[in-house]
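*Asks:* I am attaching a structure below and will ask some questions about it afterwards.
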Amino acid sequence: MDPPVKPAERLTAFGTQLIDVHLWLREELARLRRDVDAHLAGRADRPRELRTHCLAFCSVLERHHTGEDGGAFPALAGHFPELRPVLQELSRDHRQVSEILHRLQELLDGLGTIEPRRVRAELDGLAALLESHFTYEERKIVAALDALNVPGWTLSPPGFLLTTAPGGQDGEPA
C-alpha cells in the first residue's frame, strides 16, 4: 500500500492539472472541428450529435472559465497581487470566448437551416483565441497556481480543473 500523498506534494499539481485541462479542451475542440468538417464533406449527417457534442464542449469550457474567474483568479490575486493585470487580461479573453460560444449556440440551434461553414468559421476563431489564451495563461500563472495552498481544492477539485460536462459521469479532474 502506497503512503498517502502529502499536502505539499499535492499542491504542486494544480498548475499541472490546469495544463492537462487545457490539453483536453484542445483535443475536444480539434475533434469537434473534425466532426464539422465531416458534416461539411457529406461524410456525416448527424447534426443532432454534432450539436450535442458542441454544447457539451461549450458547457465544460464555460465552467472552466467561470471557475477561474470566480475561484482561481481571486485566490491568485490575493496571494500574488502582481498578477492582477494578467488575470484581468485573461478574464477579458473569457468574455470574448463566451461571446463566440453564444454565437455558436445560436448557429447550432438552427443547424439544419444554416450554413455549416459559419459553424466551422466560429470554431476556427474559437480555436485561434483559445490557443493564444491557453498558452499565455500557462506561461503566466502555472507556477503561481502550484504555489497556492487552497485546502478546499485538494478535498474537492474546483470546476476549472474538471473535464466532464455538468451532469457527466464522474467530474474527475484532468
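*Asks:* Summing Lys, Arg as +1 and Asp, Glu as -1, what charge do residues with Cβ under 11 Å from the Cβ of LEU101 carry, LEU101 excluded? Intermediate values should be presented prior to the final figure.
*Replies:* Values: positive: ARG95, ARG103; negative: GLU62, GLU99, GLU106, GLU122.
My count for the surroundings of LEU101 gives -2.
*Asks:* What is the distance, in nm, between label points placed 7 Å from the Cα along the Cα-to-Cβ direction at ARG118 and at ALA38?
*Replies:* According to this spin-label approximation, the distance is 2.4 nm.
*Asks:* A further question on this structure: Once label points are set 7 Å from the Cα along Cα→Cβ at both SER132 and HIS102, what is their separation, rounded to one decimal in nm?
*Replies:* According to this spin-label approximation, the distance is 2.0 nm.
*Asks:* Within the set of other residues whose C-beta is less than 9 Å from the C-beta of ASP37, count the net charge using Lys and Arg as +1 and Asp and Glu as -1. Please report the intermediate quantities before stating the final value.
*Replies:* Numbers: positive: ARG33, ARG34, ARG43, ARG120; negative: ASP35.
The answer is +3.
Each value in this text was obtained by applying a stated rule to the coordinates, not by laboratory testing. Not measured: the values here are computed from a predicted model. FYI the Cβ positions are ideal-geometry reconstructions off the backbone, even for glycines, and counts take in every protein chain you see.
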